[in-house]
Amino acid sequence: MKERIVRFVAGTMILVSVALAYFVALKWLFLTLFVGANLLQSSITKFCPLELIIDYFTSRSQRAK
């Protein structure tokens with residue numbers, strides 16, 4: 001489930017940044033560059049900051065029950 005969330009967020013960020021680059025300013029492509037670099041880095045190191053955030057909030061919601 002966590003992998004699907006990460007892929008969904010990354011894909012959404014890329015599509016949004018490309019749309020913003022097209023309609024607003026080309027500087028939004030830096031967001032696409034950042035997301036792509038993070039995907040590349042996480043495939044090599046197996047470390048993804050979004051997974052840490054997901055783990056934090058899921059564990060926090062488990063403690064609240």
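The values are calculated or read from the model by the stated rules, or taken from the named source; none is laboratory data. Please read these numbers as outputs of a predicted model, since none were measured by experiment. Heads up, the Cβs are rebuilt from the backbone with ideal geometry, glycines too, and the neighbour counts pull from every protein chain shown. Ligands, DNA and RNA are excluded from the accessible area calculation, which covers all protein heavy atoms including side chains. Shrake-Rupley method; radii C 1.70, N 1.55, O 1.52, S 1.80 Å.
Here are the numbers for the structure shown:
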{"quantity": "In Å², nearest 10: area of Ile14 left accessible to a 1.4 Å probe", "calculated": "50"}
{"quantity": "Computed over the chain, Kirkwood Rh from alpha-carbon pairs, angstrom", "calculated": "13.1"}
{"quantity": "Extreme residue, positive dipole direction of the chain, given options Leu29, Leu39, Leu50 (C-beta unit charges)", "calculated": "Leu50"}
{"quantity": "With all protein chains modelled, accessible area of Phe30 [1.4 Å, Å²]", "calculated": "140"}
{"quantity": "Heavy atoms of Ser42: accessible area, 1.4 Å probe, square angstrom to 10", "calculated": "30"}
{"quantity": "Accessible surface ranking that places the most exposed of Val18, Val6, Val24 first, with a 1.4 angstrom probe", "calculated": "Val24, Val18, Val6"}
